[in-house]
Amino acid sequence: MKTVIIFSFLFIVTLLAQASCIASSGDADNAFLFGKKLSGSGHMQEAITQFSKAIKLNPATASYYAERGWCYAMKGYRKLAFADFTKAITIDPDCSNAFSYRGELNAAIGFKKKSQEDCNKALSIGISPIDTMGFLNRGRVYSTLGREKDAGKDFEQALKVIGSSSGAGTYYQKAICEFCFKHSTEALADVNNAIKLESLNPDYIFLRGLIYSSDGKTQEAVSDYTQVLKITPDNLGAKYNRACNYMTLGKNDLAIKELNDDIAYEPCPNNLIKRANYFEAKEDYATAVKDTTQAITIDPDDVKAYITRGYEYCHLKKLKQALKDLNQALVLDPKSAWAFYQRGVAYSDLGEMDKAINDLSKAIALQPQAGAFYSRAYTYREKKDYKRAIEDYTSAIRLDPTALDYCGRGCSYRFEGQYDKAIQDCTKAIALDSHRTHSYLTRGVSYAKLKQFDKSLQDLNMAIKQSPRFGEAYYERSLVYKQLGNYKSAEADANEAKKLHFKSCLH
């Protein structure tokens, strides 16, 4: 540990000594080149200082603003970043780096259309990689545009340029290349090597947080972002990323303060939608709608915002408004599986089952996911097409087994007369979530059909205990009491079912 601290101290002292020489020489280009070296090796704040010196000495050079803007973007200072990119483009309308950096930032905060315009503009001007960071820059532009093969070639080339060199900055560059190349194991190893050499570098720790987050190691990511914020308390990028990971962990109350800070700094589609997700988790859909509406106002072409608001309107039972949003989402992106899925749910809630099945089938064809199979299964069940419902529940269980899936399939087996299978599925559902009343009801009815009345009563009693106003449970229990010859209890339960407006014809 002492060796690491001494190395870091000597490295910083060397940088400061070089910086002093540059400042005294008044050489803007040297300051700029030194800033590039610093940013490339993961020293963003020091790089910002050097780019600012270069700008002070020569305020009419576009590339100075473009590179400083990139450093600001990396630290989460979006307003400052956009201001620098705009200034660079004003000075030089052919500054490709300003367009490429702005395109990446727009993508990161949710401006998809603007991002594509900027990235295409950068490529049309031409990005000529001459070093590792140049290949990385162009590779990220390709990746933002979805041109993964082209991106992969550039990331591979960037790694070749680096070669087998070592040193904290070099390990950092390697880690970025590997992370972009989706080689997370190698990226993690290299960023850890960088951190061993410079344990207090927030940019290195921030990158490791990104790698952890992409690998689903959410708690480790939170720990890294927390460490970054101890070193640089005003790092907005770390605050926002930590908030996102808090939400993944279900720690929504911890997330909201940082999301509020981020939105107060500058509202953009991604942070507004993320905060809307917080309110959705609280089942406060009316407040969530306010955030998604603001996101749409900022960017009327944001597909995700329309789908999210459509989802919220579904929960508010404003189904016509939900359909309007989801139709708009599909105008903007005709191949959005999520939009077809959510519109299918809306049609199902409206009772338009054939339209629902059509949309859910399109969603499944585009992107087979458990939620779409579950929703289509539910719709088939409502149409009393239990065989197809069972097939879809089975597909959902294969992808991501939940209590809802087992309960739904168990219910379908019940109506198909396969009572043993219904009991098996409901038992699995209860093991996953013992608070699902319908699991007890379905299992109780299935036991009754098999003449296992004691077990049936236990389940129906539990269903009524959990949901005292569940009319169907009283009705089914009345039938069991009747089978057992307990006519007084049977009549009492039948009367209670009627009071709760349950009709046996619905059974």
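Quick notes on this structure:
- Across the stretch 361-371, not a single residue is classified as surrounded by fewer than 24 Cβ atoms within 10 Å (Cβ to Cβ), in contact with a Cys (Cβ under 9 Å, 6 or more places away or on another chain) and basic (Lys, Arg).
- Considering Asp385, Asp325, Asp301, Asp291, the condition of being in contact (Cβ under 8 Å) with a residue 24 or more places away in the chain and among the acidic types (Asp, Glu) is satisfied by Asp301 alone.
- Flag if Asn235 is open to solvent by less than 40 Å² (accessible area, probe 1.4 Å) and closer than 22 Å to Ser115 by Cβ: no
- Residue list for the stretch 220-234, filter: farther than 22 Å from Ala47 by Cβ and in contact (Cβ under 8 Å) with a residue 24 or more places away in the chain: Ala221, Val222
- Filtered by the rule that a residue be of a type outside the set (Val, Ile, Thr) and either touching a strand residue (DSSP E or B) at 6+ places or on another chain (Cβ under 9 Å) or open to solvent by less than 40 Å² (accessible area, probe 1.4 Å) (or both), the stretch 164-182 gives Gly167, Ala168, Gly169, Tyr172, Gln173, Lys174, Ala175, Cys177, Glu178, Cys180.
- Scan of the stretch 448-507 for residues that are among the basic types (Lys, Arg) and either open to solvent by less than 60 Å² (accessible area, probe 1.4 Å) or not in a helix (DSSP H, G or I) (or both), ordered by number: Lys451, Arg469, Arg477, Lys503
- Applying the set (1) over 18 Å from Leu38 (Cβ atoms); (2) β-branched (Val, Ile, Thr); (3) free of Cβ contacts under 8 Å to residues at least 12 places away in the same chain to Ile130 leaves exactly one unmet item: (1).
- Qualifying residue in the stretch 93-103 (condition: out of contact with any helix residue (DSSP H, G or I) (no Cβ under 7 Å at 6 or more places or on another chain) and hydrophobic (A, V, I, L, M, F, W, C)): no
- Residue in the stretch 305-316 that is under 26 Å from Lys114 (Cα atoms) and in contact with a Pro (Cβ under 8 Å, 6 or more places away or on another chain) present: yes
- Ser128 satisfies every condition listed in (1) of a type in the set (Ser, Thr, Tyr); (2) part of a loop (DSSP other than H, G, I, E, B); (3) open to solvent by less than 40 Å² (accessible area, probe 1.4 Å) except (3).
- Look at (1) over 27 Å from Gly410 (Cβ atoms); (2) touching a residue at least 12 places away in the same chain (Cβ under 8 Å) and you find that Pro334 fails only one, number (2).
- Taking the conditions (1) free of Cβ contacts under 8 Å to residues at least 24 places away in the same chain; (2) open to solvent by 60 Å² or more (accessible area, probe 1.4 Å); (3) more than 15 Å from the chain's Cα centre (by Cα) in turn, Lys217 satisfies each one other than (3).
- Residue count for the stretch 152-163, restricted to those that are open to solvent by 20 Å² or more (accessible area, probe 1.4 Å) and in contact with an Asp or Glu (Cβ under 9 Å, 6 or more places away or on another chain): 2
- Conditions (1) in a loop (DSSP other than H, G, I, E, B); (2) touching a helix residue (DSSP H, G or I) at 6+ places or on another chain (Cβ under 7 Å); (3) within 17 Å of Ala370 (Cβ to Cβ): number failed by Pro401: (2)
The values are calculated or read from the model by the stated rules, or taken from the named source; none is laboratory data. Treat the numbers as computed from the prediction; the structure is a model and nothing was measured. Positions of Cβ are generated from backbone atoms using ideal geometry, with glycine treated the same way; all protein chains shown enter the neighbour counts. The area values use the complete protein model at the heavy-atom level, side chains included, leaving out ligands, DNA and RNA. Shrake-Rupley method; radii C 1.70, N 1.55, O 1.52, S 1.80 Å.
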